[in-house]
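Below is one structure, written out as structure tokens, with a few remarks after it.
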Amino acid sequence: MYHTITFPTLVLQYLNLPKTRLWQEKVRSIFAFCALVPRIRVRGMLIPQLAVTAGKSGVLTKIDPLWGQDCEAVQLQALPSSDNLASLVAIQDEIEATAQLELRRIPAEALHCTILTLLHPTAQFDRGKFDIWNEYAERWTAAFLDVVADTFSFELTFDRIICSEMAIIVTAPELPVLQMLREKLANAVDYKGWHPNPPDIAHITLFRYAAEGPIPAIRSSGSLPFDMPVPRMRLIKESVYPTLQHQIVGEVVLA
């Protein structure tokens, strides 16, 4: 039995604002409120064990032009455990079985949570990104080891599914330890005074879209929530987006 409620117009307007930090804080506060009330349906959001973004009427999904394309990128990633992977694959199976829109499924071996993108696939520099990595790899990796020397392993609790214009993802609250780790790692990546911007969301991408259409209203239960331990991170060089082909070039183990 589901109950329908309507948030004040002012609150719903936050969902249509540019995705600034204010927007993120307001959306998080909405999710936090919803989590306190069992089984609430709010304009496309279903709580608990499920959250679907409240997309604007008429907004369509977008086809990712980078999918399957050659690229140069370097990332620090946290990997799901075997149990986590089973949960993620189960969620993908559920979504794929009911989706009315053509989806591009992230292969199980490519599922990950990005801790930091050192060199983004679309970033432009004065030279090739793999050339930059080859020159700076030893220096940056040593700096990462200094950062994690006093950072203990932690767990991320993935508890929501979010459908956006670009992808279908599962998310976890971004813990203070993760925020601090990302900021320190980003500061350690210094290329002629440039530093990458750390992400501000903990997520694992499940699908991207192969066609335009209404943003899906996905329903899934049973496999969420799950806790993903983060005892280490892998360094990868990505050559086909999104991590469809990659080379593991290192590992950073937390304290």
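Return the total of residues in region 95-127 being within 24 Å of Met233 (Cα to Cα) and of a type outside the set (A, V, I, L, M). Selection size over region 95-127: 10. Just to verify a result, which residue in region 90-117, among those that are of a type in the set (Val, Ile, Thr) and under 30 Å from Pro176 (Cβ atoms), is modelled with the lowest pLDDT? Looking at residues that are of a type in the set (Val, Ile, Thr) and under 30 Å from Pro176 (Cβ atoms), I get Ile91.
Which residue is farthest from the chain's Cα centre (by Cα), if the candidates are limited to region 149-164 and must be surrounded by fewer than 19 Cβ atoms within 10 Å (Cβ to Cβ) and among the hydrophobic types (A, V, I, L, M, F, W, C)? The qualifying residue farthest from the chain's Cα centre (by Cα) is Ala149.
Name every residue in region 197-226 that is within 30 Å of Leu185 (Cα to Cα), in contact with a strand residue (DSSP E or B) (Cβ under 8 Å, 6 or more places away or on another chain) and outside any strand (DSSP E or B), in order of residue number. Once the filter is applied, which keeps residues that are within 30 Å of Leu185 (Cα to Cα), in contact with a strand residue (DSSP E or B) (Cβ under 8 Å, 6 or more places away or on another chain) and outside any strand (DSSP E or B), region 197-226 yields Pro198, Pro199, Ile201, Leu224, Pro225.
Let's see how each residue does on (1) crowded, with 18+ Cβ neighbours inside 10 Å; (2) among the polar types (S, T, N, Q):
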| site | (1), (2) |
| --- | --- |
| Leu175 | no, no |
| Asn197 | no, yes |
| Leu206 | yes, no |
| Leu224 | yes, no |
| Met228 | yes, no |
| Pro242 | yes, no |
| Gln245 | no, yes |
| Ile248 | no, no |
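Selection of region 87-112 for residues being outside any loop (DSSP other than H, G, I, E, B), farther than 19 Å from Glu165 by Cα and out of contact with any Ser or Thr (no Cβ under 6 Å at 6 or more places or on another chain) yields Leu88, Val89, Asp93, Ala97, Ala108, Glu109. Taken over region 81-124, residues that are in contact with a helix residue (DSSP H, G or I) (Cβ under 6 Å, 6 or more places away or on another chain) and crowded, with 20+ Cβ neighbours inside 10 Å amount to 3. Ile215 meets the conditions (1) surrounded by 17 or more Cβ atoms within 10 Å (Cβ to Cβ); (2) without any contact (Cβ under 8 Å) to a residue 60 or more places away in the chain in every case but one. The failed one is (2). Do the conditions hold for Arg208, that is, is it in contact (Cβ under 8 Å) with a residue 12 or more places away in the chain, assigned by TED's automatic domain parsing to the domain that holds Thr122, among the basic types (Lys, Arg) and over 25 Å from Gln124 (Cα atoms)? So Arg208 fails the test.
For residues that are aromatic (Phe, Trp, Tyr) and under 26 Å from Ile106 (Cβ atoms), scanning just region 127-148, find the one that is surrounded by the fewest Cβ atoms within 10 Å (Cβ to Cβ). Let's see the steps before the verdict.
The initial filter retains those residues of region 127-148 that are aromatic (Phe, Trp, Tyr), namely 130, 133, 136, 140, 144.
Applying the additional criterion that residues be under 26 Å from Ile106 (Cβ atoms) yields 130, 133, 144.
Numbers: Phe130: 16, Trp133: 19, Phe144: 22.
Among residues in region 127-148 that are aromatic (Phe, Trp, Tyr) and under 26 Å from Ile106 (Cβ atoms), the one surrounded by the fewest Cβ atoms within 10 Å (Cβ to Cβ) is Phe130.
The values are calculated or read from the model by the stated rules, or taken from the named source; none is laboratory data. The structure displayed is predicted, hence computed values, not measured ones. As a convention, Cβ positions derive from the backbone with ideal geometry for all residues, glycine included, and neighbour counts pool all protein chains shown.
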